[in-house]
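Participant: Once you've had a glance at the structure underneath, I'll fire off some questions.
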Amino acid sequence: MLSPIAYERRLSDPNAPKHGMNFAVGGAGVFSSYGILNLGGQVDQFQSLLNTIYPTAFLENSVVLVGIHGNDYGAYLVKGNPISGLPMFQKLVVDEMVRQIERLNKLGFKTFYINNMQPVGCLPSSTRPTFNECNEVTDSIMSVPHNSLLETAVADLKQRLPASTFSLLDHYSAFNTVLRTPANSGLSAHPLVPCCLGEGNATRSCGEVAPNGKAMFTVCDDPKKSFFWDTIHPSQSGWTAVTKLLFPDADLEPFQSSKERQS
C-alpha cells in the first residue's frame, strides 16, 4: 500500500497522478492551527486540478481519505486556551470537517473514508516519563468527545447524502487493540515506549541536536519492534499493524518502485 504522489511533487512523474494524489500537509489541521495550510486549503489545491489533471467524471469512481484533526487540539492548548472550552472547539472542528467533505461531495466524489481520532492518552507525549499506561483523563477530554461528535456527523452525512458512501475508520479501537496485544503484530512488549527518545525524559525532541552537534536523542536498536516512532507519531510498523486491522486484505508492502506504481 503506497501513498499516491504528493501534490508538491505532481510534476515529477507524469504517470503518477492517475493513481491519485496526496494533498496532506505535515502539521496541518482542520483550521490553520500552526500557520500551515489547512484542510480547506488542501481542498482548494485539489479543485485547482479539476479539468486539467482530473476530469470531473474521474471523481465518481475515486475514493477520498480524510484524516485530519489532532493538530487543532494541540494548537488550541499550546495557545493557552482553557480546557473548559474544548467541547465547543471540538464541535467547530467536526463541523468544519463536515463542511469540507460536503464540498468534495459537490465536486463529484461519492466514496469517503474518514479517520476518527486515535487514543491521544496513549501517545508517549501523554504517558511520559514512565510510558507504562495510557492517560485515561486525556483520552476522555480529547479523543472520546471528538469521536462521538464525528460519529454523529458521519451518520448525518449518510442520511442526507444517500447516493454517497461515508465510512468511519476506527483508529481509536485499532490503536487500542494493537497496544493491548502488541505481540500479535510482532511488536515490543512495551509498545508505549517510543523508538526515538529525546533527552530529559523525552522533553527534548526526536532529532534535536545541540549547538555543538551532539545528538540530544537516542534511537532504539530495532525500530521494527516499536509501535511509536517518537512521542507523537506511530512508526512504520505501528501504522502497518493498525492498517491491517482496518483493511485486513490490503497489500501493505511499504516499498514499491516507480515502475510498479505506474503499472
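Participant: Out of 238, 200, report the one residue that is at pLDDT 95 or above and outside any loop (DSSP other than H, G, I, E, B). Working first, answer last.
Facilitator: Working: 200 fails: at pLDDT 95 or above.
It is 238.
Participant: Of the residues that sit in region 136-174 and are in contact with a strand residue (DSSP E or B) (Cβ under 8 Å, 6 or more places away or on another chain) and of a type outside the set (A, V, I, L, M), which one is nearest to residue 241 (Cα to Cα)?
Facilitator: Checking each candidate, the answer is 171.
Participant: Tell me which residues, restricted to region 137-168, are part of a helix (DSSP H, G or I), closer than 19 Å to residue 99 by Cα, in contact with a Phe, Trp or Tyr (Cβ under 9 Å, 6 or more places away or on another chain) and aliphatic (A, V, I, L, M).
Facilitator: 154, 155, 157
Participant: While we're on this one: Mind listing just one residue for me: the one in region 206-232 that is surrounded by fewer than 16 Cβ atoms within 10 Å (Cβ to Cβ) and under 21 Å from residue 71 (Cα atoms) and, of those, farthest from the chain's Cα centre (by Cα)?
Facilitator: Taking the candidates together, the pick is 208.
Participant: Looking at (1) exposed (fewer than 14 other Cβ atoms within 10 Å of the Cβ); (2) closer than 29 Å to residue 189 by Cα; (3) of a type in the set (S, T, N, Q), which one does residue 135 not meet, given that it meets all the others?
Facilitator: Residue 135 satisfies every listed condition except (1).
Participant: Within region 119-147, can you find the residues that are closer than 18 Å to residue 76 by Cβ and over 17 Å from the mean Cα position of the chain (by Cα)?
Facilitator: Looking only at region 119-147, we keep the residues that are closer than 18 Å to residue 76 by Cβ, and these are 120-121, 123, 125-126, 135, 137-147.
Within region 119-147, 126, 135, 137, 138, 140, 141, 145 qualify.
Participant: For region 185-204, what are the residues that are farther than 28 Å from residue 66 by Cβ and not hydrophobic (A, V, I, L, M, F, W, C)?
Facilitator: Answer for region 185-204, where residues must be farther than 28 Å from residue 66 by Cβ and not hydrophobic (A, V, I, L, M, F, W, C): 186, 188, 190, 198, 199, 200, 201, 203, 204.
Participant: Do any residues in region 58-76 that are among the hydrophobic types (A, V, I, L, M, F, W, C) have Cβ atoms under 7 Å from those of residues that are modelled with pLDDT under 90, where the two are at least six apart or on different chains, and which pairs are they?
Facilitator: Between residues of region 58-76 that are among the hydrophobic types (A, V, I, L, M, F, W, C) and residues that are modelled with pLDDT under 90, the close pairs are 75/33; 75/34.
Participant: Residue 74 is checked against (1) within 23 Å of the chain's Cα centre (by Cα); (2) in a loop (DSSP other than H, G, I, E, B) and fails just one. What number does that condition carry?
Facilitator: Among (1) within 23 Å of the chain's Cα centre (by Cα); (2) in a loop (DSSP other than H, G, I, E, B), the lone unmet condition for residue 74 is (2).
Participant: Going residue by residue through region 27-39, is there one that turns out to be on the phi < 0 side of the Ramachandran plot and in a helix (DSSP H, G or I)?
Facilitator: First, the residues of region 27-39 that are on the phi < 0 side of the Ramachandran plot: 28-34, 36-39.
Those still in the list that are in a helix (DSSP H, G or I) too: 39.
Checking region 27-39: at least one residue is on the phi < 0 side of the Ramachandran plot and in a helix (DSSP H, G or I).
Participant: Collect the residues in region 53-105 that are of a type in the set (D, E, K, R), surrounded by 15 or more Cβ atoms within 10 Å (Cβ to Cβ) and farther than 19 Å from residue 120 by Cα, keeping them in residue-number order.
Facilitator: Taking region 53-105 and keeping what is of a type in the set (D, E, K, R), we get 60, 72, 79, 91, 95-96, 99, 102-103.
If we keep only those that are surrounded by 15 or more Cβ atoms within 10 Å (Cβ to Cβ) too, we end up with 72, 96, 103.
Across region 53-105, the qualifying residues are 96, 103.
The values are calculated or read from the model by the stated rules, or taken from the named source; none is laboratory data. If you're wondering where the values come from, they're calculated on a predicted model, not measured in any experiment. Virtual Cβ from ideal backbone geometry, glycine too; neighbours counted across all protein chains shown.
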